[in-house]
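So the structure is just underneath, and the comments pick up after that.
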Amino acid sequence: MKKDTESASKIGRCQGGAPILDQAKPALKTAQPKGLGNASGPKSGGCPTRAEPIFEARTVSYSLAELATLTGAELVGDPSYTVTGVHSLEEATPEDVSFLANPRYAEAMKQSKAGVICIDAAGPIGKNYLVSPHPSLTFQRIAETLLQITPNASGFTGIHPSAVIHETAQLGPDVSIGPNAVIDRDVTIGARTRIGPNVSIGYGVTIGSDCHLQSNSVVRERCQLGSRVILQPGAIIGSCGFGYTLDAKGNHVKLEQLGIVILEDDVEIGANTTIDRSRFKATLVRRGTKIDNLVQIGHNVEVGEHNIIASQTGISGSVKMGKYVVMGGQVGIAGHITIDDQVLIASRSGISKSLKTGQYRGSPAIPIKEYHRQEVYVRKLEEYVERLKKLEAGATERREGG
């Protein structure tokens with residue numbers, strides 16, 4: 001690996017010499033949260049912050065032999081060839097690494113000027129390739145190495161003096177709390193967890209180790225977060241479930257939601273996603289699940305392990321979901337149904353009844369092969385109408401001629 005010290009000196013300099021705040025830590029108790037997550041696990045990553053120029057400044061270079069060793073990929077091509085950056089297939093230069101993880105971009109790969117392409121099988125002769133079963137992961141490792149960006153490298157470390165922290169809160173080692181965060185009574189926060197600016201944490205909340213609660217996220221009273229949980233900006237955990245009943249006069253009476261939300265280890269919640277607390281038990285998101293931005297999860301829902309839920313999906317109350325469920329964007333799910341393990345639901349589908357393992361699409365959702373057959377018929381409707389018109393005209397002629 002070679003370092004370009006001249007280029008490196010051009011990035012990362014502060015402008016204007018702004019004063020650094022005295023971030024003295026208040027005297028607080030320290031403790032590890034109980035029973036939620038493994039404090040010894042890997043630190044959370046989150047999305048890299050573009051804190052410095054990515055493509056404009058090239059500060060390091062790696063040979064393809066070095067990248068093959070770094071990633072464990074098989075090198076097909078020139079081991080001495082060097083690269084300095086990353087880019088898309090269409091925009092890459094001979095100094096860039098790119099990747100192909102979707103066959104729809106195969107033609108773009110053929111035309112790409114990238115110096116090396118991460119791929120799952122060697123492509124056309126004349127290019128350099130790093131071949132591995134998971135080219136996207138290989139590319140990610142290289143991007144993190146070449147760009148040398150520290151994720152979430154905030155200028156605020158430790159406990160910011162503007163944070164409001166109740167005296168009974170218990171903070172583990174190396175916890176950082178950003179400006180204007182509010183932490184209520186009897187909160188427990190595990191080691192190395194980062195609390196961003198303007199975060200609100202209600203009373204009695206338990207948060208595990210190595211979590212990252214980004215700016216303006218909210219965890220309401222008594223909710224529980226495991227270790228390595230990520231809340232993107234504006235995520236709301238523990239808002240009231242949507243529960244009302246009519247009284248004798250026909251007025252809507254609010255049913256107080258007395259339960260909590262539990263997010264297990266390695267869960268990530270997208271920006272402006274809301275997860276409602278249950279009426280009297282727990283809304284549960286099991287370990288490893290990743291939820292996109294702008295998703296609504298109703299009260300008493302149970303989301304299984306390692307689910308993927310895309311943006312603008314709405315899940316009504318008391319839905320039970322199995323493991324490895326995948327939902328495209330804008331899926332709507334009616335309440336009180338069960339979705340089995342390994343169900344795949346295409347975007348904009350409407351789910352009104354329980355689903356067995358399989359792939360579904362449409363509203364109401366049906367097995368995806370059946371949906372595709374129906375789509376073929378729909379595309380031919382105009383042709384069918386014209387044929388019917390001809391048949392009717394012929395029948396009319398025969399009747400009149402008879």
Outside any helix (DSSP H, G or I), touching a residue at least 60 places away in the same chain (Cβ under 8 Å), in the same structural domain as Cys240 (by TED's automatic domain parsing) and under 28 Å from Gln257 (Cα atoms): is that true of Gly317 in this structure? yes
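For Ser347, are the conditions met, namely being in a loop (DSSP other than H, G, I, E, B), under 28 Å from Glu256 (Cα atoms) and polar (S, T, N, Q)?
On the way: in a loop (DSSP other than H, G, I, E, B): yes; under 28 Å from Glu256 (Cα atoms): no; polar (S, T, N, Q): yes.
So Ser347 fails the test.
Among the residues of region 164-182, how many are assigned to a loop (DSSP other than H, G, I, E, B) and of a type outside the set (Asp, Glu)?
10
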Could you tell me which residue of region 113-131 is farthest from Glu74 (Cα to Cα), considering only residues that are under 26 Å from the mean Cα position of the chain (by Cα) and crowded, with 21+ Cβ neighbours inside 10 Å? Ile117
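Quickly run through region 115-124 and pick out the residues that are under 22 Å from Thr145 (Cβ atoms) and touching a Phe, Trp or Tyr at 6+ places or on another chain (Cβ under 9 Å).
Those that are under 22 Å from Thr145 (Cβ atoms) and touching a Phe, Trp or Tyr at 6+ places or on another chain (Cβ under 9 Å): Gly115, Val116, Ile117, Cys118, Ile119.
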Scanning region 206-229 for residues that are assigned to a loop (DSSP other than H, G, I, E, B) and either under 14 Å from Ser239 (Cβ atoms) or out of contact with any strand residue (DSSP E or B) (no Cβ under 8 Å at 6 or more places or on another chain) (or both) gives Ser209, Asp210, Ser215, Asn216, Ser217, Arg220, Glu221, Arg222, Cys223, Ser227, Arg228
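Quick one: would you say Ser316 is under 14 Å from the mean Cα position of the chain (by Cα) and at pLDDT 95 or above? Don't jump to the end; show me each part of the working.
On the way: under 14 Å from the mean Cα position of the chain (by Cα): no; at pLDDT 95 or above: yes.
Considered against the rule, which asks whether it is under 14 Å from the mean Cα position of the chain (by Cα) and at pLDDT 95 or above, Ser316 comes out as no.
Residue by residue, here is whether (1) more than 17 Å from Arg228 (Cα to Cα); (2) out of contact with any Ser or Thr (no Cβ under 7 Å at 6 or more places or on another chain); (3) modelled with pLDDT under 95; (4) part of a strand (DSSP E or B) holds:
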{"residue": "Thr138", "(1), (2), (3), (4)": "yes, no, no, no"}
{"residue": "Glu144", "(1), (2), (3), (4)": "yes, yes, yes, no"}
{"residue": "Ser162", "(1), (2), (3), (4)": "yes, yes, no, no"}
{"residue": "Asp186", "(1), (2), (3), (4)": "yes, no, no, no"}
{"residue": "Pro197", "(1), (2), (3), (4)": "yes, no, no, no"}
Take the conditions of a type in the set (A, V, I, L, M, F, W, C), part of a loop (DSSP other than H, G, I, E, B) and at positive phi and apply them to Leu294. Does it pass? yes
Region 61-112, subset farther than 20 Å from Ile149 by Cβ, among the polar types (S, T, N, Q) and in a helix (DSSP H, G or I), residue farthest from the chain's Cα centre (by Cα): Gln111
Scanning for something among the hydroxyl-bearing types (Ser, Thr, Tyr) and in contact (Cβ under 8 Å) with a residue 60 or more places away in the chain, does region 189-204 turn up at least one residue? no
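The values are calculated or read from the model by the stated rules, or taken from the named source; none is laboratory data. This structure is a prediction, so every number in the text was calculated from the model and none was measured. With ideal geometry, Cβ positions are generated from the backbone for all residues, glycine too; neighbour counts draw on all protein chains shown.
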